[in-house]
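Peer 1: One structure, as structure tokens, below. Some questions next.
The values are calculated or read from the model by the stated rules, or taken from the named source; none is laboratory data. Just so you know, these numbers come straight off a predicted model, no measurement behind them. Using ideal geometry, Cβ is built from the backbone for each residue, glycine included, and neighbour counts are taken over all protein chains shown. SASA here: full protein model, heavy atoms, side chains in, ligands and nucleic acids out. Shrake-Rupley method; radii C 1.70, N 1.55, O 1.52, S 1.80 Å.
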Number of protein chains: 2
Amino acid sequence: MSIDSEQLRTLAAVVAEGSFDAAAQALHLTPSAVSQRIKALEQQVGGVVVRRTRPCLPTPAGEVLVRLAGQVDLLTRDALVELGADAGTDASPDVLGRRRIAVAVNADSLSTWFPAALADLPADLLLDLRREDQDLSATLLRDGTVAAAVTAEQRAVQGCRVRPLGAMRYVAVAAPHARSRWFPAGLDTGSAARAPALAFNRADGLQHAFVRQVLGDAPPLPVHYAPEQGAFVALVQAGLGWGMVPEQAAAGPLADGTLVELEPGRWLDVPLFWQHWSLRTPTLDDLTARVVAAARVLHR
Amino acid sequence: MSIDSEQLRTLAAVVAEGSFDAAAQALHLTPSAVSQRIKALEQQVGGVVVRRTRPCLPTPAGEVLVRLAGQVDLLTRDALVELGADAGTDASPDVLGRRRIAVAVNADSLSTWFPAALADLPADLLLDLRREDQDLSATLLRDGTVAAAVTAEQRAVQGCRVRPLGAMRYVAVAAPHARSRWFPAGLDTGSAARAPALAFNRADGLQHAFVRQVLGDAPPLPVHYAPEQGAFVALVQAGLGWGMVPEQAAAGPLADGTLVELEPGRWLDVPLFWQHWSLRTPTLDDLTARVVAAARVLHR
């Protein structure tokens, strides 16, 4: 059984854009043409492929097809580049002629070492970065929404290969006046229970893990939530509380004295992994090489 | 009719934590006690208040009750502070004794001017910042998940007051070598159609709006998506493409020459608003004063 590639592309557009109307616009089709293609695809595979919700979501069968669509698309565009026939490399304004690849990256990598991987990217390749950590990254890889991910999840997602990138090192920092105020005698159970901590969100257990590592146990911590790297560092500098900050993001503030370490010489290492579709394509191979090279700043 | 405040708090915890089990843990109750309270609340109001999905979501009736719970909680804790009876101000490690307030802030504000509003925050107040822009902020205000929001949405959400904060100014920037490569003759239709642009996500229309403002019309732009402020600026500096960056975030890179403007003297202004529950409480009043003061860096 073969599957019509136009129908696959249509399904991928519906899922990427979130609605039949938006997909029609992106593909320069009428909404009814989109609807007909999806129905034809559903007849061929014998089941519903997309739930008509807002946004439209793929069914389990639809997830398999969306991933297939992305893989076929990537292979096709790479083949066209090899043939020298890619429309995006010349002066044509044809946006659709460019390759597009979606990658999920955890927030702390995205704001520190990851951007260096993308310097001098080929001009005909467009990226769709997603800021997601392990739980959602696995889902996005599985359903084909992203082709690769930088994640703390080390178990290979089905259909993916995984390679270790090294560890992101986090240090515990505070503004100097905040450290004097909250930790006059250093980090102990009493000061940890009183001093406000900053966490990225409710899934961020780094602050708790650090206290447990240093003290052997941790009381409940009073926590502010600030889900943005730049804001997180700025709020720690403003004295709102203490927090675990990637070494790379803390280096400048530590050097200029706007931040100090709570426990110099102590840190937490979080191993990171590169998960990608197990598919050999020049685009994915090149991206893997770039990410591995940029990740050399991480710890082994 | 009065509503049992323990039942309200239980509902709020189920919605905040996402499940009955997590709510039970947060409230130091058994899951069956949580379940009984929710059922009792549903009998009293005569309808389902929370859908047992993953995560648990409030029904429309539940949304009203969650907002009520947050408002009652804030008023109660403010009253306790006034009475000098707040547990969080003394040496007690009782995290639950502190006031907590949730605020939605759009990503660019969160990474630029907003952190300054939170310097020297009262020690007994914990913040739950959410990185959301207008669409979701309105929903979060309406259902009581957040008490206030910095948003580009100027229509008052039901039950809220709105006040203008000034405008966030965005300038069009690129790395010097990227500008030379993509815009040898400046910004015109041809260069806009060829030069990769960076956008935050698919809802970010600033790049398109800027091209339209300068040229009167805009071709389809080839776009990379990078949904994190720090990464966005780093990627523009790395030469991946051009993008609209808040003046405040662009100032340093423009001064050190790692970024240049595409069209010096041109910009886009995005008006921002402070929406908050129409409720007079010292906590909300204090937060409003802080936000308004920090927003003085915005444009009038």
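Peer 1: Tell me, what ³J(HN,Hα) does each residue in the range A:176-193 have, in order and in whole Hz, if you take phi through Karplus 6.51 cos²θ - 1.76 cosθ + 1.60 with θ = phi - 60° and put x for Gly and Pro?
Peer 2: Rounded to whole hertz, the list is x, 5, 5, 5, 4, 6, 8, 10, x, 10, x, 7, 9, 4, x, 5, 5, 6.
Peer 1: On to the next question. I need the trypsin sites (Lys or Arg not before Pro) found in the range A:142-213, filtered to DSSP loop residues with at most 15 other beta carbons within 10 Å of theirs.
Peer 2: For trypsin sites (Lys or Arg not before Pro) across the range A:142-213 that sit outside H, G, I, E and B with at most 15 neighbouring Cβ atoms in 10 Å, the list reads A:Arg155, A:Arg202.
Peer 1: With all distinct Cα pairs included, what does the Kirkwood hydrodynamic radius of the protein assembly as shown come out to in Å, to one decimal, could you say?
Peer 2: Across the protein assembly as shown, the inverse of the average 1/r is 26.0 Å.
Peer 1: Turning to a different aspect of this structure: If one takes the longest principal axis of the Cα atoms in chain B, at what angle in degrees, from 0 to 90 and to the nearest 10, does the Cα axis of helix B:60-82 lie?
Peer 2: The answer is roughly 80 degrees.
Peer 1: Can you classify the range B:144-190 as rounded, prolate or oblate using the Cα gyration tensor, where a ≥ b ≥ c are the square roots of its eigenvalues, rounded means a/c under 1.5, and otherwise it's prolate if a/b beats b/c and oblate if not?
Peer 2: The shape class here is prolate.
Peer 1: Give me the accessible area per residue for chain B, probe 1.4 Å, as a whole number in Å².
Peer 2: Result: 43 Å² per residue.
Peer 1: Return the single residue from B:Leu127, B:Leu259, B:Leu284 with maximal mean-square fluctuation; model: Gaussian network over chain B, springs between Cα atoms under 10 Å.
Peer 2: Looking only at B:Leu127, B:Leu259, B:Leu284, the biggest GNM fluctuation is shown by B:Leu127.
Peer 1: Taking each residue in B:216-225, count the Cβ atoms of any other chain within 10 Å of its Cβ, then average. What number comes out?
Peer 2: Mean shielding by partner chains, rounded to a whole number: 4.
Peer 1: Enter the angle in degrees (range 0 to 90, nearest 10) between the Cα long axis of helix B:206-215 and the first principal axis of the Cα atoms of chain B, meaning the one along which they spread out most.
Peer 2: Rounded to the nearest ten degrees, it is 30.
Peer 1: Only counting protein heavy atoms at a 1.4 Å probe, give the residues of the range B:166-199, ordered by number, whose accessible area falls by 50 Å² or more when the other protein chains are present relative to the chain alone.
Peer 2: SASA drop of 50 Å² or more in the range B:166-199: B:Arg194.
Peer 1: Build a GNM of chain B with springs between Cα atoms under 10 Å: which of B:Ala249, B:Ala172, B:Ala203 gets the top mean-square fluctuation?
Peer 2: B:Ala203
Peer 1: For peptide A:119-130, what's the mean number of Cβ atoms from other chains within 10 Å of each residue's Cβ?
Peer 2: 6
Peer 1: Per-residue ellipticity at 222 nm for chain B, helices alone: DSSP H runs ≥ 4 residues times -39500 (n - 2.57), over residue total, nearest 500 deg cm²/dmol? Write out the running numbers ahead of the final one.
Peer 2: Working: 12 runs with 126 residues, N = 300.
Taken over chain B, the calculation gives -12500 deg cm²/dmol.
Peer 1: Using only the Cα atoms of the range B:1-72, build the gyration tensor, take square roots of its eigenvalues as a ≥ b ≥ c, and label the shape rounded, prolate or oblate: rounded if a/c is under 1.5, else prolate if a/b is larger than b/c, else oblate.
Peer 2: Values: a/c = 1.41, a/b = 1.27, b/c = 1.11.
Rounded is the answer for the range B:1-72, as its axis ratio a/c remains below 1.5.
Peer 1: Sticking with this structure for a sec: Once the other residues with Cβ under 10 Å from the Cβ of B:Leu110 are scored (Lys, Arg +1; Asp, Glu -1), what is the net sum? Display every interim value, and only then the final one.
Peer 2: Numbers: positive: B:Arg130, B:Arg131; negative: A:Glu228, B:Asp108, B:Glu132.
With Lys, Arg at +1 and Asp, Glu at -1, the neighbours total -1.
Peer 1: Out of the total accessible area of the protein assembly as shown (probe 1.4 Å, heavy atoms of protein only), what percent is carbon and sulfur?
Peer 2: C and S fraction of accessible area: 54 percent.
Peer 1: Hey, another quick one. What list of ³J(HN,Hα) couplings, whole Hz, do you get for the range A:153-167 from phi and the Karplus terms 6.51, -1.76, 1.60, once you set θ to phi - 60° and write x for glycine and proline?
Peer 2: Result, rounded to whole Hz: 7, 9, 6, 5, 5, 3, x, 10, 9, 10, 9, x, 10, x, 10.
Peer 1: Assign one of three labels to the range B:168-270, namely rounded, prolate or oblate, based on the Cα gyration tensor with a ≥ b ≥ c the square roots of its eigenvalues; rounded applies when a/c is under 1.5, prolate when it is not and a/b is larger than b/c, and oblate otherwise.
Peer 2: Note, shape of the range B:168-270 comes out rounded.
Peer 1: Same structure, new question: Amide H of B:Val50 versus every other amide H placed in the peptide plane: which residues, excluding those fewer than 5 positions away on the same chain, fall under 5 Å?
Peer 2: B:Thr59
Peer 1: Relative to the longest principal axis of the C-alpha atoms of chain A, give the angle of the C-alpha long axis of helix A:282-294, reported between 0 and 90° and rounded to the nearest 10°.
Peer 2: 10 degrees
Peer 1: Taking springs between alpha-carbon atoms closer than 10 angstrom, which of A:Pro219, A:Pro58, A:Pro184 fluctuates most in the Gaussian network model of chain A?
Peer 2: A:Pro184
Peer 1: Same structure again: Checking an interface number: how much accessible area is buried between A and B, summed over both chains, with a 1.4 Å probe, in Å² rounded to 100?
Peer 2: 3600 Å²
Peer 1: Further question: If amide hydrogens are placed 1.01 Å from N in the peptide plane, which non-local residues have theirs closer than 5 Å to the one on B:Leu165?
Peer 2: Those qualifying (amide H under 5 Å, at least 5 residues apart or on another chain) are B:Leu272, B:Phe273, B:Trp274.
Peer 1: Right, something else. For A:Arg212 and A:Thr59, FRET efficiency with R0 = 35 Å and r from the beta-carbon atoms, rounded to 0.05? Before the final figure, lay out each step's value.
Peer 2: Values: r = 42 Å, r/R0 = 1.19.
About 0.25, to the nearest 0.05.
Peer 1: Next question, about the same structure. What ³J(HN,Hα) values, in whole Hz, does the Karplus curve 6.51 cos²θ - 1.76 cosθ + 1.60 give for the range A:232-249 when θ = phi - 60°, with x put for Gly and Pro?
Peer 2: So the J values, rounded to whole Hz, are 4, 5, 4, 6, 5, 4, 6, x, 5, x, 10, x, 8, 10, x, 2, 5, 7.
Peer 1: Can you pull the one-decimal nm distance between simple spin-label points at B:Ala40 and B:Ala185, each 7 Å off the Cα toward Cβ?
Peer 2: Spacing of the two 7 Å Cα→Cβ label points: 7.7 nm.
Peer 1: Could you compute the net charge surrounding A:Ala192? Neighbours are other residues with a C-beta less than 11 Å from the C-beta of A:Ala192; K and R count +1, D and E count -1.
Peer 2: Once all neighbours under 11 Å are counted, the net charge is 0.
Peer 1: Looking only at other chains, what is the average number of their beta-carbon atoms within 10 angstrom of each beta-carbon in A:112-118?
Peer 2: Values: counts 3, 1, 5, 12, 3, 2, 9.
Neighbouring Cβ atoms belonging to other protein chains average 5 per residue here.
Peer 1: To continue, here is another question. Can you give me the long-range amide H partners of B:Ala102? Hydrogens built in the peptide plane at 1.01 Å from N, cutoff under 5 Å, separation of 5 or more residues or another chain.
Peer 2: Correct list: B:Asp128, B:Ala147.
Peer 1: For the range B:122-247, give me the percentage of DSSP beta bridges that are antiparallel, rounded to the nearest 5 percent. List each step's numbers first, then the result.
Peer 2: Details: 4 of 8 bridges.
About 50 percent, rounded to the nearest 5.
Peer 1: List the pair-distance distribution P(r) of chain A, using every Cα-Cα distance, as the percent of pairs falling in each 10 Å bin from 0 up to the bin containing the longest distance, rounded to whole percents.
Peer 2: 6, 24, 26, 20, 14, 8, 2, 0
Peer 1: Additional query: I'd like the antiparallel share, as a percent to the nearest 5, of DSSP beta bridges with both residues in the protein assembly as shown.
Peer 2: Percent antiparallel among DSSP bridges in the protein assembly as shown is about 60.
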